[in-house]
Structures are given as structure tokens and as C-alpha cells.
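First comes the structure, then the notes that go with it.
Read the figures in this text as sums done on the coordinates, not as results from a lab. Small disclaimer: the values here were computed from a predicted structure and weren't measured. Counting neighbours? That spans all protein chains shown, and the Cβs are built from the backbone with ideal geometry, glycine included.
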Protein chains: 2
Amino acid sequence: MSEQTRPPKLGRVATYAGQSLEVLRGMILDGTLAPAERINEVHLSQALGISRGPLREAIQRLASEGLVEAVPHRGVYVRSFSARELSDLYELRVALETHAVRLAARYAPQQRIDELGSMLDETESSMGSASGAYPEDPDFHARLARLAANPPLVEALTDVGRKIRLARARSAHQPRRARTALDEHREILAALVARDGEGAAAKLEAHLTSSLNNALAVLRAAEPD
Amino acid sequence: MSEQTRPPKLGRVATYAGQSLEVLRGMILDGTLAPAERINEVHLSQALGISRGPLREAIQRLASEGLVEAVPHRGVYVRSFSARELSDLYELRVALETHAVRLAARYAPQQRIDELGSMLDETESSMGSASGAYPEDPDFHARLARLAANPPLVEALTDVGRKIRLARARSAHQPRRARTALDEHREILAALVARDGEGAAAKLEAHLTSSLNNALAVLRAAEPD
DNA sequence: CTACTGACAACTGTCAACAGTTTGGCGTAG
DNA sequence: CTACGCCAAACTGTTGACAGTTGTCAGTAG
């Protein structure tokens, strides 16, 4: 009874629609709901233990985020991306992230940059051990974006990042590339520490380009149409 | 694992939720629903002649677009922007649009560029007459963005453009600036015709900066707190 | 065997009612 | 007069049922 007697903390979502949104997004991004798969509202609502109302609200938001495509009277489908669309997304991401890193080089406080460094150390130390070795660990790029201190920019990058993550859902963890990515992250950070915005942007673009090429290679290997 | 069907590609069939989305967006952008105003679901659904279900779905999408802020159990509010947020939005827009124009300078077919020119001619000829003289006519920038041939980029710019339009809802049409804007548009287009991506980007940035300054001035004049 | 027709099943879109939370007002105590 | 607490009105969140559409499949004509 007294478990939810907390005053309204901002950001806490105590609503089925809000929870469903996050659960669904997770199911799409981790592949539980595969690309091009049709979503059955009745089945899914029963699986989630809720009614169709809140579920539909969550789906609408996913549609607005571009993770799902809703065709009136015909159902909603998990979005699938072509190689061309993946390239477009990466190109957009490059534009956004290089801009972010230029801003960060100019305005970010030293402390925030240092935090990024220690985060990379942690990533490296926990890399040999567990299976949690992501080639593109989203944390680094997300934190990098936040250094630009421009919320709309961060939001735009979050959106693009989600679509990219879905687009390359097939290309699973590649521990070999993880080491390379970490090195490239360090180079970017080094330029950032030196307040060299252009250098950081160049390193970042190279990093993202090789990431795209890696994703494209995996994509074409999976379905060489 | 799961059965995969192809997403139907057909056009849009009318649905209350979809119609409400567009109507609501219009009401927000033209000021019928003022910034910081609370939206009453019952009242609004009756005004639209529909039930709360489809209306709520539309609202969810508006929330995802950032035009509206939904606080669980407390209602949804039309989003209002501070001067700082407006600046952030413009900064993001500059990054996106300059990137778009660089792409356009490299890849856009001549014909599409020429179409932009004739569009400007039409704008000019219809400027002296009617009241439809927008200082920032969205068409030019939207069409410019499309020349980049990168759909996610266009989408991102659309999102930012909507927020900006809402943020500067108070600064109404200013016919004096309309003429200036048209001239600046022509300069951008001239650089584009010359395939001078950097030049076009520079002109564009200057244009957007003066647009921001104009908006900020109007904003501070309206509420100098 | 193929092409069309009509009915059935499945699913999405919409609605009205129910339930839980927030908000503002009133009264009472200090 | 102010502060606190209770209560009712208003509103949002959720549900289950109903309605309209789409896709499928048997049955029939060519």
C-alpha cells in the first residue's frame, strides 16, 4: 500500500503506456520484435498484461520515433532499413556528432571531459572479461553529445542512434572491432582534451565511417541480394 | 523465427487519430493553443467531435515531436521555449541545414536547383500583393533540405523547424524582413548554382543567424523579463 | 486449371464507462 | 490570521465491448 506514496518525482513514469513504450523499444532494439515483423495488438497487449489502449499509445510514439511504421487499417510493422538508408543515417549522424564535438571542444568544462576518460578506462578493464563488449558502446557517443550542452542536439542524436541501432540489428557484437573502436575513442578524446575541435571532428568522422563500413559489410554478408 | 510479411506500401486512409494529429499540430503552430496552455482531453475531444482514444494517440505523437509536454496524471501542456532553447534550436538547424546545402551543392541535379529559383520568383511576385508574405517562408528551406537527398536529414530538419516555428510563435509576420530574407535566399541559391558548397553554407549560416537575432529581438520585446 | 465472387475470420479503429490520482476548497485547530 | 487535513470535483489512465475494414479461402464459373 505505502510503496507508491512518493511525491511526484519528475521523470518517473507510473503509467502503463509509458512503461510499454520503453519495453517495446527494448524489444525492437534487441531483436525480440524483428524488422519487417507485423505487430499484433491483441497478442502483444495480452503478452504485456495490459489492454490495447495504452499499447496503442506507445505504438504511436514509436511510429513518431521512426522505429515502427503504422499503416492505417493494415497494422504496424517494425521498420527495416536498406543499406542506402543506413548510409543516410550515418551521414546525418556524422554531421550532428562532429558539430557536437566542435561545440564540446570550445565550451565543455574540463571535468566533464575527464569523466569521459575514466569511463573509457572502465570500459577497457571490463572488456577482456564479460560478454558486455560492445563495438559501438552507445555510452561514449551519448556522453560526448551531452558535452555540447545543447539538448535538442542530444535529442536528435538519440533518435538517429536508435534508428541506426535498429538498422544494424543483425550485425551483433564483434569483439575484434571493440578494441579498435576503443582506440579510436581515445584518439577523439585526446583531441578533445587538447581543445582541438577540428581534429576531434576529423577523428570522429573517420571512426564513424569505419563503423559504417563494418556495418555495411556485415549487412551484405547476411543478405547478399 | 517469426513470420515476416512485407509492409504494405499503400497511401494514407483517413483515421480520426491521424486527422486529429494534423489538426492539433495546426492549432498549436498557429497559436490557437497557446504555449504553456493546458490541454483538456474531454473538452478538446468534444470540440473535435471524437472520443478521447484517438485524441490521446495524437497527443502522444505530438509529445514525441516535442510540441507538447505530457506529465503523467497531470495533463499535457503546449511546450514553451526560453530564449536559450530557441538559440539551441537554431544552432542545431544551422548544423543540419549547412550540411544539407553542402550535399546539395555536390549532388543535386541542375533541374531541381532551377526549380528553387523559379519558386523564389513566384514568391517575389506574390509578395507585394497579399498578406501571405512570410519572413521565413518554410518552403524554401524545406525544398533546400530535400536537395540533399537524405530523408532522415529532411525529417530531422522538419522536426527542428516545427519547434522553432512554435518557439517564435509570438513573432508574427514582419513584411520588412521578408524582403531581406528573399535577398538572402537568392544569395544562397546563387552559390548553389555555382556549386560552391562552402559559400552557400556560409550565406546560409549568416541568413539563419540574422533570422535568430530577429526572433530573439521580438521575443525580448514581448516579455522583457 | 485459372479467374472471379462472396462469405468468414482476424484485426484495427473507435467509443463509452470505470478506476485511480490530482487539485482546490472548506473547515477546524493552533 | 495561518497552517494543516479532509473531502469532493475534475481530470487522466485504463478497460472491455462494438464497429468497420482487410485479407483469406472455399466454391463456382469460364
Exercise. Could you give, in nm with one decimal, how far A:Ala36 is from each other copy of that position, shortest first, with labels 7 Å out from Cα toward Cβ?
Worked result: 5.1
Exercise. By how many nm would the segment from A:His43 to A:Ser126 lengthen if fully extended, with 0.36 nm per residue of separation less the alpha-carbon distance?
Worked result: 26.0 nm
For this session: Loop sites only, by DSSP: take the GluC sites (Glu not before Pro) in chain B that have at most 16 other C-beta atoms within 10 Å and name the longest stretch containing none of them.
Result: B:38-225
Problem set entry | Inter-copy label distances at B:Thr15 (7 Å, Cα→Cβ; nm, one decimal) | 1.9
Exercise. Hey, rough spin-label estimate for B:Arg106 and B:Thr158, points 7 angstrom out along Cα→Cβ, what's it come to in nanometres?
Worked result: 2.4
Problem set entry | R0 of 22 Å, Cβ-Cβ distance B:Ala194-A:Thr209: FRET efficiency to nearest 0.05 | 0.20
Exercise. Using Cα atoms only, what is the angle between the long axis of helix B:83-107 and the major principal axis of chain B, expressed in degrees (0 to 90) to the nearest 10?
Worked result: 50
Exercise. With chain A treated as a Gaussian network of Cα nodes joined by springs under 10 Å, which of A:Val71, A:Val101, A:Val23 yields the largest mean-square fluctuation?
Worked result: A:Val71
For this session: For each of A:Asp88, B:Asp196, B:Asp30, count neighbouring Cβ atoms within 10 Å of the residue's Cβ, then give the residues from fewest to most.
Result: B:Asp30, B:Asp196, A:Asp88
Seminar exercise, completed: Cross-link reach from B:Lys203 to aspartates and glutamates, straight Cα distance under 16 Å and at least 8 residues apart if same chain, gives B:Glu91, B:Glu97, B:Glu136, B:Asp183, B:Glu184, B:Glu187
For this session: Assuming a ≥ b ≥ c are the square roots of the Cα gyration tensor eigenvalues, decide whether segment B:83-222 counts as rounded (a/c under 1.5), prolate (otherwise, with a/b larger than b/c) or oblate.
Result: oblate
For this session: Quick one: what are the phi-derived ³J(HN,Hα) couplings along segment B:51-57, Karplus 6.51/-1.76/1.60 with θ = phi - 60°, whole Hz, x for glycine and proline?
Result: 8, 6, x, x, 4, 4, 4
Exercise. Once the Cβ-Cβ distance between B:Ala221 and A:Asp114 is put in as r, and R0 is 30 Å, what FRET efficiency do you end up with, to the nearest 0.05?
Worked result: 0.10
Exercise. With chain B treated as a Gaussian network of Cα nodes joined by springs under 10 Å, which of B:Ala36, B:Ala148, B:Ala100 yields the largest mean-square fluctuation?
Worked result: B:Ala36
